[in-house]
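Reviewing the structure listed below.
The values are calculated or read from the model by the stated rules, or taken from the named source; none is laboratory data. Owing to the predicted nature of the structure, the values given are computational and were not obtained by experimental measurement. So basically every Cβ, Gly included, is an ideal-geometry build from the backbone, and we count neighbours across all protein chains shown. Surface areas here come from the heavy atoms of the whole protein model, side chains and all, with no ligands, DNA or RNA. Shrake-Rupley method; radii C 1.70, N 1.55, O 1.52, S 1.80 Å.
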Amino acid sequence: MNVTELMAQVRLEMTGNLQKDMQHLADVAEDVRREPNAEELLEAVAKFAFECMPAEAREQMQEMMMIGDKPMDQAFRAASTLIKEEKLEEAETILKAISDKIEKYYENGDVKYFSFRNPFEYHMYRHFYPDDTVFERAPYDFMQYLIAYGYVLIDNHKMQEAHAVLERAIKFNPISADAYFELAEYCKIGNNMPELLQICRDTLRYCTTADRIARALANVGFYCYMTNDFQSAAVFYFESIRFRPSKAVEYELQDVVRRMNTFGMKFTPPTHGQTIDAYEKYALTKQPNDELVNLALMMANSAHDQQRKDLEGLFLRTAYDLTNNEEIKAQMDALAEKIEAEKNNAEKG
């Protein structure tokens with residue numbers, strides 16, 4: 001879909017009711033994020049939404065969502081480009097402006113905002129925090145913006161500021177592993193082992209993919225190594241590689257084994273019981289997290305009953321990413337074939 005086609009469709013769908021139209025445009029923006037040309041489509045939708053607003057509302061939106069003459073998401077993309085070019089001081093200036101605006105308008109009011117990235121994260125939050133029901137979706141992915149700011153602050157050696165920013169990032173999406181990972185890097189650089197262990201506990205509770213599980217377990221291995229528990233370090237590095245092979249983690253495991261050998265300790269691949277004991281020793285959630293697997297399968301069944309094949313596919317994919325279970329893979333493949341068949345039938349008329 002190109003911009004002309006999208007905007008022609010959007011204009012036909014306008015009702016004249018500002019509140020309904022704004023919500024519809026937000027839904028359209030969410031839908032087009034999956035398109036290959038999502039960036040230009042999102043920009044067109046945002047521009048049209050801005051034009052639809054009354055003058056007073058436009059002024060308020062400009063104050064809340066613009067960084068200079070750019071919408072916040074465009075300003076963030078500019079900062080991301082600067083980060084890739086290693087122009088970190090310039091990136092910090094833009095990200096600080098974004099951070100200040102987020103803090104002023106989205107953190108200190110009566111409304112709580114979250115930046116859940118997909119429906120499963122939303123259901124995860126409702127599962128873990130069932131009593132927290134009053135919140136709004138943030139207009140942008142504030143967690144991602146603040147993670148990037150924290151990363152730049154760390155690289156620019158502003159450690160205390162970085163810690164505060166990363167704590168804020170977590171509040172916008174407390175069930176995503178991503179912000180916890182950046183905070184873990186902060187702790188490793190600052191040699192803050194007690195906080196690192198707690199962050200690892202939090203991270204493992206919310207990991208939904210094998211690569212995230214592997215990274216979190218490698219962080220636990222680092223913690224154990226730094227606290228001279230070499231046997232547990234080897235177990236967690238080994239467990240990390242089991243979820244996602246990594247040359248870097250293999251080197252870390254080899255280094256631990258060398259250290260063990262100097263103390264007359266021998267390492268063999270851990271048994272299932274030894275692995276469970278290591279998880280329990282540090283009060284960690286065993287991986288994959290059965291609680292998340294069961295939630296994903298429950299949500300997939302619910303989506304199936306509601307004939308929401310898109311959501312059913314997302315939830316099945318989450319369960320498969322956690323388990324690598326072939327039965328779940330077969331369900332995913334069958335669903336994909338059904339969706340393709342329905343699409344072909346619709347195109348034939």
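Details
- Any hit, the range 277-284, residues being part of a helix (DSSP H, G or I) and touching a residue at least 12 places away in the same chain (Cβ under 8 Å): yes
- Every test in (1) hydrophobic (A, V, I, L, M, F, W, C); (2) assigned to a helix (DSSP H, G or I); (3) under 12 Å from the mean Cα position of the chain (by Cα) is passed by Phe116 save one, and that test is (2).
- Any hit, the range 9-23, residues being in contact with a Lys or Arg (Cβ under 7 Å, 6 or more places away or on another chain) and outside any loop (DSSP other than H, G, I, E, B): no
- Qualifying residue in the range 220-241 (condition: within 30 Å of Pro130 (Cα to Cα) and open to solvent by less than 60 Å² (accessible area, probe 1.4 Å)): yes
- Residue under evaluation Met1, criteria (1) part of a helix (DSSP H, G or I); (2) open to solvent by 40 Å² or more (accessible area, probe 1.4 Å); (3) modelled with pLDDT under 85, criterion not met: (1)
Residues checked against (1) part of a helix (DSSP H, G or I); (2) modelled with pLDDT of 80 or more:
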site: Glu39; (1), (2): yes, no
site: Phe50; (1), (2): yes, no
site: Arg58; (1), (2): yes, no
site: Met61; (1), (2): yes, no
site: Asp73; (1), (2): yes, yes
site: Phe76; (1), (2): yes, yes
site: Glu86; (1), (2): no, yes
site: Lys96; (1), (2): yes, yes
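- Any hit, the range 263-279, residues being surrounded by fewer than 22 Cβ atoms within 10 Å (Cβ to Cβ) and within 25 Å of Ile170 (Cα to Cα): yes
- Selection count where residues are polar (S, T, N, Q), surrounded by 14 or more Cβ atoms within 10 Å (Cβ to Cβ) and either in contact (Cβ under 8 Å) with a residue 40 or more places away in the chain or in a helix (DSSP H, G or I) (or both), scope the range 304-349: 3
- Across the range 285-301, the number of residues qualifying as within 17 Å of Ala214 (Cβ to Cβ) and without any contact (Cβ under 8 Å) to a residue 24 or more places away in the chain comes to 1.
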